[in-house]
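See below for the structure under consideration.
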Amino acid sequence: MITTPKPGPCRLVADADRTYAVLWQNEHFPEVARGGGGAVNTKYICRALAEAGHRPVIVARAVPPRSAGTEIAEGLMVVRLEAPRPSRILWPLWPLLEARPLRRLLAPLAALSDVLCAVDASYANALKGMFPERPLLYRVEGLPSEGARAPEALTRAGRAALRVLALAAQLAERLAWRRADVLVVKSAFMRDALVQEHRAPAEKILVIPNGVDFDRFAHAETSTALRAWTAADGQPHIVIAFSGRLVAMKNVSGLLRAFALMRNRERVRLLVVGDGDQRPALEEQARALGVAARCFFTGLTDRVEQFLAAADIFVLPSTYEPFGNALVEAMAAGVAPVAFRPDGHRIRTASAEIIRDGETGILADHPSPDNLARVLDELVQNPDLRRRLGRRAQEDCRNRFSWKKCAEAYIEAAAAVQRR
(Lines give C-alpha, C1' and ligand atoms only; values in the text may rest on other atoms or scores of the structure.)
Protein backbone atom coordinates (compact mmCIF):
# COMPACT_ATOMS: atom_id res chain seq x y z
CA MET A 1 0.00 0.00 0.00
CA ILE A 2 1.30 3.45 -0.91
CA THR A 3 1.42 5.97 1.89
CA THR A 4 2.07 9.68 1.53
CA PRO A 5 2.77 12.43 4.04
CA LYS A 6 -0.27 14.31 5.23
CA PRO A 7 -0.44 17.51 3.17
CA GLY A 8 0.51 20.60 5.10
CA PRO A 9 -1.15 23.95 4.56
CA CYS A 10 -0.14 25.74 1.37
CA ARG A 11 0.04 29.47 2.07
CA LEU A 12 0.99 30.69 -1.40
CA VAL A 13 -0.06 34.29 -1.89
CA ALA A 14 1.27 36.70 -4.51
CA ASP A 15 3.67 38.65 -2.31
CA ALA A 16 6.84 40.30 -3.57
CA ASP A 17 8.50 39.72 -0.19
CA ARG A 18 7.82 35.98 -0.08
CA THR A 19 9.71 33.15 -1.68
CA TYR A 20 8.27 29.80 -2.65
CA ALA A 21 9.41 26.21 -2.87
CA VAL A 22 8.81 25.08 -6.46
CA LEU A 23 8.89 21.45 -7.51
CA TRP A 24 9.65 21.31 -11.25
CA GLN A 25 9.52 17.98 -13.05
CA ASN A 26 11.41 17.31 -16.27
CA GLU A 27 12.44 13.72 -16.94
CA HIS A 28 15.44 14.45 -19.15
CA PHE A 29 17.03 17.48 -17.50
CA PRO A 30 19.73 18.53 -18.33
CA GLU A 31 20.22 16.21 -21.32
CA VAL A 32 19.38 18.51 -24.24
CA ALA A 33 19.93 15.72 -26.80
CA ARG A 34 17.09 13.74 -25.19
CA GLY A 35 14.93 16.48 -23.74
CA GLY A 36 15.27 19.05 -26.52
CA GLY A 37 13.96 22.54 -25.87
CA GLY A 38 12.08 21.38 -22.77
CA ALA A 39 15.35 20.67 -20.97
CA VAL A 40 16.74 24.06 -22.00
CA ASN A 41 13.58 25.84 -20.87
CA THR A 42 13.67 24.05 -17.51
CA LYS A 43 17.20 25.30 -16.91
CA TYR A 44 16.44 28.94 -17.61
CA ILE A 45 13.05 29.12 -15.89
CA CYS A 46 14.40 27.48 -12.74
CA ARG A 47 17.48 29.70 -12.78
CA ALA A 48 15.22 32.76 -13.02
CA LEU A 49 13.14 31.44 -10.13
CA ALA A 50 16.29 30.96 -8.04
CA GLU A 51 17.59 34.43 -8.92
CA ALA A 52 14.27 35.86 -7.72
CA GLY A 53 14.81 34.15 -4.36
CA HIS A 54 12.52 31.15 -4.87
CA ARG A 55 13.64 27.58 -4.18
CA PRO A 56 13.26 25.39 -7.26
CA VAL A 57 14.00 21.67 -7.11
CA ILE A 58 14.03 19.71 -10.37
CA VAL A 59 12.83 16.13 -10.46
CA ALA A 60 14.39 14.02 -13.23
CA ARG A 61 14.82 10.35 -14.02
CA ALA A 62 17.94 8.44 -13.05
CA VAL A 63 19.29 7.50 -16.48
CA PRO A 64 22.86 6.13 -16.78
CA PRO A 65 25.44 7.50 -16.24
CA ARG A 66 23.43 9.54 -13.73
CA SER A 67 22.21 7.48 -10.79
CA ALA A 68 19.39 8.04 -8.33
CA GLY A 69 20.08 10.71 -5.73
CA THR A 70 20.60 14.44 -5.40
CA GLU A 71 23.05 16.45 -7.48
CA ILE A 72 23.74 19.98 -8.68
CA ALA A 73 23.39 20.34 -12.44
CA GLU A 74 23.57 23.65 -14.32
CA GLY A 75 23.72 25.32 -10.89
CA LEU A 76 20.35 23.86 -9.85
CA MET A 77 19.34 21.19 -7.35
CA VAL A 78 18.22 18.03 -9.13
CA VAL A 79 16.66 14.98 -7.50
CA ARG A 80 16.96 11.90 -9.69
CA LEU A 81 14.43 9.14 -9.17
CA GLU A 82 14.69 5.51 -10.16
CA ALA A 83 11.31 5.53 -11.84
CA PRO A 84 9.19 2.38 -11.61
CA ARG A 85 9.21 0.02 -14.58
CA PRO A 86 6.22 -1.92 -15.87
CA SER A 87 6.02 -5.62 -16.47
CA ARG A 88 5.75 -6.83 -20.07
CA ILE A 89 2.05 -7.37 -19.56
CA LEU A 90 1.36 -3.90 -18.20
CA TRP A 91 3.62 -1.70 -20.36
CA PRO A 92 0.96 -0.82 -22.98
CA LEU A 93 -1.15 0.66 -20.17
CA TRP A 94 1.77 2.23 -18.32
CA PRO A 95 1.01 5.88 -19.16
CA LEU A 96 -2.20 5.45 -17.16
CA LEU A 97 -0.76 3.24 -14.42
CA GLU A 98 2.57 4.93 -13.72
CA ALA A 99 1.14 7.77 -11.63
CA ARG A 100 0.33 5.52 -8.70
CA PRO A 101 3.82 4.05 -8.06
CA LEU A 102 5.29 7.50 -8.70
CA ARG A 103 3.42 8.89 -5.69
CA ARG A 104 5.66 7.11 -3.20
CA LEU A 105 8.77 8.57 -4.86
CA LEU A 106 7.41 12.10 -5.24
CA ALA A 107 5.63 12.43 -1.90
CA PRO A 108 8.54 13.64 0.28
CA LEU A 109 9.48 16.40 -2.17
CA ALA A 110 5.93 17.42 -3.03
CA ALA A 111 4.99 17.71 0.65
CA LEU A 112 7.61 20.45 1.06
CA SER A 113 6.61 22.39 -2.06
CA ASP A 114 4.30 25.37 -2.47
CA VAL A 115 4.01 25.10 -6.26
CA LEU A 116 4.00 21.96 -8.42
CA CYS A 117 5.05 22.12 -12.08
CA ALA A 118 5.15 19.11 -14.40
CA VAL A 119 5.85 18.48 -18.08
CA ASP A 120 4.89 14.77 -18.17
CA ALA A 121 1.32 13.57 -17.68
CA SER A 122 2.07 10.69 -15.32
CA TYR A 123 3.94 13.01 -12.94
CA ALA A 124 1.20 15.63 -13.12
CA ASN A 125 -1.42 13.01 -12.29
CA ALA A 126 0.67 11.65 -9.42
CA LEU A 127 1.30 15.07 -7.89
CA LYS A 128 -2.30 16.27 -8.06
CA GLY A 129 -3.55 12.94 -6.82
CA MET A 130 -1.52 13.35 -3.63
CA PHE A 131 -1.90 17.07 -3.03
CA PRO A 132 -5.10 18.32 -4.65
CA GLU A 133 -4.94 21.67 -2.82
CA ARG A 134 -1.48 22.57 -4.15
CA PRO A 135 -1.37 24.65 -7.36
CA LEU A 136 -0.39 22.36 -10.24
CA LEU A 137 0.86 24.00 -13.42
CA TYR A 138 1.11 21.51 -16.27
CA ARG A 139 3.45 22.72 -19.00
CA VAL A 140 2.29 21.33 -22.35
CA GLU A 141 5.46 21.10 -24.44
CA GLY A 142 3.82 19.97 -27.68
CA LEU A 143 0.52 19.01 -29.22
CA PRO A 144 -0.76 15.46 -28.68
CA SER A 145 0.00 13.04 -31.48
CA GLU A 146 -1.32 9.68 -32.54
CA GLY A 147 2.00 8.07 -31.73
CA ALA A 148 4.71 6.70 -33.96
CA ARG A 149 3.83 4.43 -36.86
CA ALA A 150 4.46 0.81 -36.08
CA PRO A 151 7.35 -0.84 -37.97
CA GLU A 152 6.21 -3.11 -40.80
CA ALA A 153 8.07 -6.09 -39.35
CA LEU A 154 6.16 -5.92 -36.07
CA THR A 155 3.79 -8.77 -35.27
CA ARG A 156 0.04 -8.29 -35.13
CA ALA A 157 0.19 -8.53 -31.34
CA GLY A 158 2.95 -5.94 -31.25
CA ARG A 159 0.96 -3.54 -33.41
CA ALA A 160 -2.05 -3.96 -31.16
CA ALA A 161 0.09 -3.28 -28.08
CA LEU A 162 1.42 -0.05 -29.64
CA ARG A 163 -2.11 1.09 -30.41
CA VAL A 164 -3.08 0.47 -26.79
CA LEU A 165 0.02 2.36 -25.63
CA ALA A 166 -0.84 5.39 -27.82
CA LEU A 167 -4.43 5.39 -26.53
CA ALA A 168 -3.28 5.11 -22.91
CA ALA A 169 -0.88 8.03 -23.42
CA GLN A 170 -3.68 10.18 -24.84
CA LEU A 171 -5.99 9.32 -21.96
CA ALA A 172 -3.26 10.10 -19.41
CA GLU A 173 -2.68 13.44 -21.13
CA ARG A 174 -6.35 14.37 -21.00
CA LEU A 175 -6.54 13.32 -17.36
CA ALA A 176 -3.63 15.68 -16.63
CA TRP A 177 -5.48 18.48 -18.42
CA ARG A 178 -8.51 17.88 -16.25
CA ARG A 179 -6.58 17.68 -12.98
CA ALA A 180 -4.15 20.55 -13.52
CA ASP A 181 -5.10 24.01 -12.31
CA VAL A 182 -3.30 25.72 -15.19
CA LEU A 183 -2.16 24.46 -18.58
CA VAL A 184 0.86 26.49 -19.63
CA VAL A 185 1.64 26.78 -23.34
CA LYS A 186 4.35 28.76 -25.11
CA SER A 187 2.26 30.38 -27.83
CA ALA A 188 -1.22 31.36 -28.91
CA PHE A 189 -0.80 28.86 -31.76
CA MET A 190 -0.56 26.04 -29.21
CA ARG A 191 -3.48 27.40 -27.19
CA ASP A 192 -5.75 27.57 -30.22
CA ALA A 193 -4.75 24.12 -31.48
CA LEU A 194 -5.33 22.53 -28.06
CA VAL A 195 -8.79 24.06 -27.80
CA GLN A 196 -9.96 23.64 -31.39
CA GLU A 197 -8.39 20.30 -32.28
CA HIS A 198 -8.10 18.54 -28.93
CA ARG A 199 -10.91 20.11 -26.89
CA ALA A 200 -8.66 21.17 -24.05
CA PRO A 201 -10.36 23.39 -21.43
CA ALA A 202 -9.80 26.92 -22.74
CA GLU A 203 -10.40 28.51 -19.33
CA LYS A 204 -7.33 26.72 -17.92
CA ILE A 205 -4.85 27.64 -20.65
CA LEU A 206 -2.27 30.35 -20.04
CA VAL A 207 0.22 31.51 -22.67
CA ILE A 208 3.69 32.14 -21.23
CA PRO A 209 6.27 32.70 -24.00
CA ASN A 210 9.76 31.38 -23.43
CA GLY A 211 12.56 33.78 -22.70
CA VAL A 212 16.16 34.00 -23.86
CA ASP A 213 19.53 34.54 -22.20
CA PHE A 214 19.88 37.89 -23.96
CA ASP A 215 23.42 38.81 -22.85
CA ARG A 216 24.76 35.39 -23.82
CA PHE A 217 23.67 35.84 -27.44
CA ALA A 218 23.89 39.62 -27.80
CA HIS A 219 27.55 39.82 -26.74
CA ALA A 220 28.94 36.54 -28.12
CA GLU A 221 32.03 36.41 -30.31
CA THR A 222 32.77 33.84 -32.95
CA SER A 223 35.86 31.63 -33.02
CA THR A 224 38.99 32.22 -35.09
CA ALA A 225 38.38 28.99 -37.01
CA LEU A 226 34.85 30.03 -37.90
CA ARG A 227 35.99 33.45 -39.03
CA ALA A 228 38.51 31.77 -41.31
CA TRP A 229 35.78 29.53 -42.77
CA THR A 230 33.51 32.50 -43.49
CA ALA A 231 36.37 34.26 -45.28
CA ALA A 232 37.47 31.35 -47.44
CA ASP A 233 38.97 32.13 -50.86
CA GLY A 234 40.30 35.39 -49.46
CA GLN A 235 36.95 37.17 -49.38
CA PRO A 236 34.22 37.44 -46.74
CA HIS A 237 31.09 35.42 -47.34
CA ILE A 238 27.56 35.99 -46.14
CA VAL A 239 26.57 33.29 -43.65
CA ILE A 240 23.08 31.80 -43.48
CA ALA A 241 22.54 29.80 -40.29
CA PHE A 242 20.10 27.27 -38.89
CA SER A 243 20.21 25.87 -35.37
CA GLY A 244 18.13 23.10 -33.86
CA ARG A 245 17.57 19.37 -33.88
CA LEU A 246 18.03 17.71 -37.26
CA VAL A 247 14.62 16.05 -37.41
CA ALA A 248 11.92 15.98 -40.09
CA MET A 249 9.70 18.76 -38.73
CA LYS A 250 12.61 21.23 -38.86
CA ASN A 251 12.62 20.91 -42.66
CA VAL A 252 16.38 21.39 -43.04
CA SER A 253 16.10 19.37 -46.24
CA GLY A 254 13.98 22.19 -47.68
CA LEU A 255 16.58 24.73 -46.59
CA LEU A 256 19.31 22.78 -48.41
CA ARG A 257 17.22 22.70 -51.59
CA ALA A 258 16.61 26.45 -51.30
CA PHE A 259 20.33 27.06 -50.79
CA ALA A 260 21.11 25.07 -53.95
CA LEU A 261 18.61 27.21 -55.90
CA MET A 262 20.01 30.59 -54.81
CA ARG A 263 21.43 32.76 -57.59
CA ASN A 264 23.97 34.25 -55.18
CA ARG A 265 25.11 31.07 -53.45
CA GLU A 266 28.73 31.62 -54.57
CA ARG A 267 28.83 34.49 -52.05
CA VAL A 268 27.17 32.47 -49.27
CA ARG A 269 28.03 29.82 -46.69
CA LEU A 270 25.39 27.69 -44.94
CA LEU A 271 25.90 26.87 -41.26
CA VAL A 272 23.82 23.98 -39.86
CA VAL A 273 24.14 23.98 -36.08
CA GLY A 274 22.85 20.92 -34.24
CA ASP A 275 22.48 17.18 -34.50
CA GLY A 276 19.77 14.59 -34.95
CA ASP A 277 18.79 11.39 -36.70
CA GLN A 278 18.55 13.13 -40.08
CA ARG A 279 22.11 14.41 -40.09
CA PRO A 280 23.66 11.64 -42.28
CA ALA A 281 20.86 11.99 -44.85
CA LEU A 282 21.19 15.79 -44.88
CA GLU A 283 24.95 15.63 -45.39
CA GLU A 284 24.39 13.22 -48.27
CA GLN A 285 21.74 15.55 -49.71
CA ALA A 286 24.19 18.47 -49.58
CA ARG A 287 26.69 16.39 -51.56
CA ALA A 288 24.04 15.36 -54.09
CA LEU A 289 22.99 19.01 -54.57
CA GLY A 290 26.59 20.08 -55.12
CA VAL A 291 26.67 22.45 -52.12
CA ALA A 292 28.54 20.36 -49.54
CA ALA A 293 31.71 22.48 -49.89
CA ARG A 294 29.72 25.55 -48.84
CA CYS A 295 27.94 23.84 -45.90
CA PHE A 296 29.23 23.24 -42.39
CA PHE A 297 27.40 20.75 -40.15
CA THR A 298 28.61 21.48 -36.62
CA GLY A 299 27.06 18.55 -34.74
CA LEU A 300 25.80 18.94 -31.19
CA THR A 301 27.23 21.99 -29.43
CA ASP A 302 26.64 23.96 -26.26
CA ARG A 303 28.12 27.08 -27.88
CA VAL A 304 25.33 28.00 -30.28
CA GLU A 305 25.96 31.69 -29.62
CA GLN A 306 29.46 31.49 -31.15
CA PHE A 307 27.99 30.23 -34.41
CA LEU A 308 25.18 32.79 -34.45
CA ALA A 309 27.78 35.51 -33.94
CA ALA A 310 29.20 34.56 -37.34
CA ALA A 311 25.79 34.65 -39.10
CA ASP A 312 24.18 37.36 -41.21
CA ILE A 313 20.84 35.62 -41.81
CA PHE A 314 19.04 33.02 -39.70
CA VAL A 315 16.46 30.65 -41.18
CA LEU A 316 13.92 28.60 -39.25
CA PRO A 317 12.42 26.42 -42.03
CA SER A 318 10.21 24.40 -39.65
CA THR A 319 6.81 23.19 -40.73
CA TYR A 320 5.81 22.53 -37.10
CA GLU A 321 7.12 24.56 -34.17
CA PRO A 322 5.12 25.21 -30.97
CA PHE A 323 7.32 28.21 -30.17
CA GLY A 324 10.76 28.62 -31.75
CA ASN A 325 13.54 29.05 -29.18
CA ALA A 326 16.13 29.14 -31.96
CA LEU A 327 14.33 32.04 -33.63
CA VAL A 328 14.39 34.10 -30.43
CA GLU A 329 18.07 33.27 -29.86
CA ALA A 330 18.92 34.49 -33.35
CA MET A 331 17.01 37.72 -32.69
CA ALA A 332 18.99 38.21 -29.46
CA ALA A 333 22.18 37.75 -31.49
CA GLY A 334 21.07 40.53 -33.85
CA VAL A 335 20.79 38.21 -36.87
CA ALA A 336 18.10 38.95 -39.49
CA PRO A 337 15.53 36.13 -39.02
CA VAL A 338 13.53 34.33 -41.70
CA ALA A 339 10.70 31.84 -41.17
CA PHE A 340 7.63 30.63 -43.02
CA ARG A 341 4.31 32.34 -42.48
CA PRO A 342 1.96 29.96 -40.63
CA ASP A 343 -1.08 28.88 -42.62
CA GLY A 344 -2.66 26.40 -40.19
CA HIS A 345 -2.17 23.50 -42.59
CA ARG A 346 1.28 22.93 -44.06
CA ILE A 347 2.99 25.42 -41.73
CA ARG A 348 1.93 25.07 -38.10
CA THR A 349 4.21 27.32 -36.08
CA ALA A 350 4.25 30.33 -33.76
CA SER A 351 6.67 32.25 -35.99
CA ALA A 352 4.18 35.05 -36.71
CA GLU A 353 3.90 35.66 -32.94
CA ILE A 354 7.67 36.15 -32.72
CA ILE A 355 8.52 37.99 -35.96
CA ARG A 356 6.80 41.13 -37.21
CA ASP A 357 7.05 40.69 -40.96
CA GLY A 358 9.13 43.39 -42.62
CA GLU A 359 10.03 44.99 -39.28
CA THR A 360 11.89 42.43 -37.17
CA GLY A 361 12.28 39.68 -39.77
CA ILE A 362 10.82 38.11 -42.88
CA LEU A 363 7.91 35.68 -43.03
CA ALA A 364 8.11 33.87 -46.36
CA ASP A 365 4.63 33.39 -47.80
CA HIS A 366 5.17 30.00 -49.42
CA PRO A 367 7.15 27.07 -48.01
CA SER A 368 8.58 25.98 -51.36
CA PRO A 369 12.39 25.92 -51.74
CA ASP A 370 12.30 28.25 -54.74
CA ASN A 371 10.34 30.89 -52.82
CA LEU A 372 12.71 30.62 -49.85
CA ALA A 373 15.65 30.94 -52.27
CA ARG A 374 14.20 34.20 -53.62
CA VAL A 375 13.81 35.62 -50.09
CA LEU A 376 17.38 34.68 -49.20
CA ASP A 377 18.75 36.11 -52.44
CA GLU A 378 17.03 39.41 -51.66
CA LEU A 379 18.62 39.55 -48.22
CA VAL A 380 22.03 38.62 -49.58
CA GLN A 381 21.82 41.50 -52.06
CA ASN A 382 20.59 44.03 -49.50
CA PRO A 383 23.01 44.48 -46.56
CA ASP A 384 21.14 47.52 -45.26
CA LEU A 385 17.93 45.48 -44.96
CA ARG A 386 19.80 42.68 -43.16
CA ARG A 387 21.30 45.08 -40.65
CA ARG A 388 18.02 46.92 -40.07
CA LEU A 389 16.07 43.71 -39.49
CA GLY A 390 18.78 42.34 -37.19
CA ARG A 391 18.95 45.55 -35.14
CA ARG A 392 15.18 45.80 -34.73
CA ALA A 393 14.88 42.09 -33.98
CA GLN A 394 17.46 42.36 -31.22
CA GLU A 395 15.73 45.31 -29.57
CA ASP A 396 12.33 43.65 -29.84
CA CYS A 397 13.76 40.48 -28.31
CA ARG A 398 15.24 42.43 -25.37
CA ASN A 399 11.83 43.96 -24.63
CA ARG A 400 9.61 40.90 -25.08
CA PHE A 401 11.41 37.66 -24.28
CA SER A 402 12.73 37.47 -20.73
CA TRP A 403 13.21 34.42 -18.52
CA LYS A 404 12.60 36.69 -15.52
CA LYS A 405 9.16 37.61 -16.85
CA CYS A 406 8.53 33.96 -17.64
CA ALA A 407 9.35 32.86 -14.07
CA GLU A 408 7.25 35.67 -12.59
CA ALA A 409 4.29 34.54 -14.68
CA TYR A 410 4.49 31.03 -13.20
CA ILE A 411 4.44 32.34 -9.64
CA GLU A 412 1.60 34.75 -10.41
CA ALA A 413 -0.41 31.95 -12.03
CA ALA A 414 0.06 29.70 -9.01
CA ALA A 415 -0.92 32.51 -6.65
CA ALA A 416 -4.06 33.15 -8.69
CA VAL A 417 -5.05 29.51 -8.22
CA GLN A 418 -4.78 29.92 -4.45
CA ARG A 419 -6.98 33.01 -4.52
CA ARG A 420 -9.86 31.22 -6.22
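The values are calculated or read from the model by the stated rules, or taken from the named source; none is laboratory data. Bear in mind that the values here come from a model prediction, so they are computed numbers and not experimental data. Note that each Cβ is placed from the backbone with ideal geometry, even for glycine, and that neighbours are counted across all protein chains shown. For the accessible areas, the whole protein counts, side chains as well, though only heavy atoms, and no ligand, DNA or RNA atoms are used. Shrake-Rupley method; radii C 1.70, N 1.55, O 1.52, S 1.80 Å.
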Which of A310, A288, A48 ends up with the largest GNM mean-square fluctuation for the chain, with Cα atoms connected below 10 Å? A288
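Whole number in Å², please: accessible area per residue of the chain, 1.4 Å probe, ligands, DNA and RNA not counted.
On the way: 19520 Å² over 420 residues.
Averaged over the residues of the chain, the accessible area is 46 Å².
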In whole Hz, with x marking every Gly and Pro, tabulate ³J(HN,Hα) for segment 305-321 from phi via Karplus 6.51 cos²θ - 1.76 cosθ + 1.60, θ = phi - 60°. 4, 5, 6, 5, 5, 8, 8, 9, 9, 10, 10, 10, x, 4, 9, 9, 7
Round to a whole number: what % of the accessible area of segment 278-420 belongs to carbon and sulfur, probe 1.4 Å? 46
Name the most mobile residue of A281, A83, A311, meaning the one with the largest mean-square fluctuation, in a Gaussian network model of the chain with Cα contacts below 10 Å. A281
In whole Hz, what ³J(HN,Hα) sequence does segment 244-251 give by Karplus (6.51, -1.76, 1.60; θ = phi - 60°), x for Gly and Pro? x, 6, 8, 10, 4, 5, 6, 6
At N264 and R156, where each label point lies 7 Å from the Cα along Cα→Cβ, what is the point-to-point distance in nanometres? 6.1
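Give me the number: length gained by fully extending W91 to R346, i.e. 0.36 nm times residue separation minus the C-alpha to C-alpha distance, one decimal in nm. Don't skip to the end; give the middle numbers.
Values: separation 255, 0.36 × 255 = 91.80 nm, distance 3.43 nm.
Full extension from W91 to R346 adds 88.4 nm.
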What residues have an amide H closer than 5 Å to that of R269, excluding those fewer than 5 places away on the same chain, when H is modeled at 1.01 Å from N in the peptide plane? I238, V239, I240
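Grab the Cα-Cα distance for A68 and A248, subtract it from 0.36 nm times how many residues apart they are, and report the gain in nm with one decimal.
Contour length minus the Cα-Cα distance gives 61.4 nm.
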Candidates D181, D277, D396; GNM for the chain (alpha-carbon contacts under 10 Å) flags as most fluctuating D277
Could you tell me the calculated FRET efficiency between A293 and R216, based on Cβ-Cβ distance and R0 = 30 angstrom, to the nearest 0.05? 0.45
Which cross-chain or sequence-distant (5 or more) residues have an amide H under 5 Å from the amide H of E321, H modelled 1.01 Å from N in plane? R348, T349, A350
Efficiency of FRET from Cβ geometry, E133 and H366, R₀ 51 Å, rounded to 0.05: 0.50
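R388 to T224: FRET efficiency via 1/(1 + (r/R0)^6), r the Cβ-Cβ distance, R0 30 Å, to the nearest 0.05? All intermediate terms of the calculation are to be shown ahead of the outcome.
On the way: r = 29 Å, r/R0 = 0.96.
FRET efficiency, R388 to T224: 0.55.
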Whole-percent carbon and sulfur share, accessible surface of segment 19-108, 1.4 Å: 57
